[in-house]
Amino acid sequence: MDVGNGVVNYVRKIFDVDIKELTSSDERAYQLAELTVVGQAFLWHQIRCIVSLLFLIGQGKEDCNVIEQLLDVENYPRKPQYDIASEIPLVLFDCSYEDVDWVYNEESLKFVIKRLQNMWTHHAVKTIIIRKMLNELENKHFFKRTP
């Protein structure tokens, strides 16, 4: 809890969780997925802890029922000691509040869209260049990839 910032309620609610593949690569090392969590009163470290635990389950290092076990606060009254996932891909994209009707400025939205398009172009080009470099190095100099 962050009492200094007015956070005094430690109860969190999860309304929906969705995991979907973002890439169709046959190579596991290059596959990406998206986790969307819809909830109430989450702190960014909590999401990072959840993702870290999901990675451990996916790697076979934890049993999938560990999540249900950890939600039993009588048997597990404290935060478990797991490393947290990287903050790099973590994005808070949308927040909603009851009885708030957001007002959007059209020029501001156009500016944000243009900026995001420019960022996407820059990163997409870099991604393709890096992927081609990896393919070249992996295929010709070190080893053949196995799916």
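Which of the residues belonging to the stretch 47-60 are surrounded by 10 or more Cβ atoms within 10 Å (Cβ to Cβ), of a type outside the set (Val, Ile, Thr) and without any contact (Cβ under 8 Å) to a residue 40 or more places away in the chain?
Once the filter is applied, which keeps residues that are surrounded by 10 or more Cβ atoms within 10 Å (Cβ to Cβ), of a type outside the set (Val, Ile, Thr) and without any contact (Cβ under 8 Å) to a residue 40 or more places away in the chain, the stretch 47-60 yields 49, 52, 53, 54, 55, 56, 58.
If only one of 52, 86 is part of a loop (DSSP other than H, G, I, E, B), under 30 Å from residue 131 (Cβ atoms) and either in contact with a Gly (Cβ under 8 Å, 6 or more places away or on another chain) or of a type outside the set (Lys, Arg) (or both), which one is it?
When all the criteria are applied, what remains is 86.
Just one of (1) farther than 27 Å from residue 11 by Cα; (2) modelled with pLDDT of 90 or more trips up residue 62, so point out which.
(1)
Taking the stretch 1-45 as the search range and keeping residues that are of a type in the set (Gly, Ala, Ser), closer than 21 Å to residue 97 by Cα and surrounded by 10 or more Cβ atoms within 10 Å (Cβ to Cβ), which one is modelled with the lowest pLDDT?
Residue satisfying both the conditions and the ranking: 41.
Could we say that residue 76 is without any contact (Cβ under 8 Å) to a residue 12 or more places away in the chain, among the hydroxyl-bearing types (Ser, Thr, Tyr) and under 30 Å from residue 41 (Cα atoms) here?
yes
Filter the stretch 21-42 for residues that are in a loop (DSSP other than H, G, I, E, B) and polar (S, T, N, Q) and give the result.
The answer is 23, 24, 25, 31.
What residue, of 104, 97, is farther than 30 Å from residue 54 by Cβ and either among the aromatic types (Phe, Trp, Tyr) or surrounded by 10 or more Cβ atoms within 10 Å (Cβ to Cβ) (or both)? Quick ask: steps written out before the conclusion?
Numbers: 97 fails: farther than 30 Å from residue 54 by Cβ.
Only one candidate qualifies: 104.
Within the stretch 72-81, identify whether any single residue is modelled with pLDDT under 90 and among the hydroxyl-bearing types (Ser, Thr, Tyr), and answer yes or no.
Looking through the stretch 72-81, at least one residue is modelled with pLDDT under 90 and among the hydroxyl-bearing types (Ser, Thr, Tyr).
Please work out if residue 117 is in a helix (DSSP H, G or I), free of Cβ contacts under 8 Å to residues at least 40 places away in the same chain and within 20 Å of residue 17 (Cβ to Cβ).
No.
Right, residue 57: in contact with a His (Cβ under 9 Å, 6 or more places away or on another chain) and either over 22 Å from residue 29 (Cα atoms) or not aromatic (Phe, Trp, Tyr) (or both) or not?
So residue 57 fails the test.
Could you check the stretch 22-46 and list, in sequence order, the residues that are of a type in the set (Val, Ile, Thr) and in contact with a strand residue (DSSP E or B) (Cβ under 6 Å, 6 or more places away or on another chain)?
36, 37, 38
Please go through (1) more than 20 Å from the chain's Cα centre (by Cα); (2) outside any loop (DSSP other than H, G, I, E, B) for residue 99 and return the number of the only condition it doesn't satisfy.
In the conditions (1) more than 20 Å from the chain's Cα centre (by Cα); (2) outside any loop (DSSP other than H, G, I, E, B), residue 99 misses (2) alone.
Considering (1) loosely packed, with under 10 Cβ neighbours inside 10 Å; (2) part of a loop (DSSP other than H, G, I, E, B), say which one residue 79 fails and leave the rest.
If we test residue 79 against (1) loosely packed, with under 10 Cβ neighbours inside 10 Å; (2) part of a loop (DSSP other than H, G, I, E, B), just (1) comes out false.
List the residue pairs whose Cβ atoms are under 8 Å apart, where the first residue sits in the stretch 61-73 and is within 16 Å of residue 46 (Cα to Cα), the second is of a type in the set (Phe, Trp, Tyr), and the two are 6 or more positions apart or on different chains.
70/76
The values are calculated or read from the model by the stated rules, or taken from the named source; none is laboratory data. Since this is a predicted model, take the numbers as computed values, not measurements. Reconstructed Cβ throughout: ideal geometry from the backbone, glycine too, with neighbour counts over all protein chains shown.
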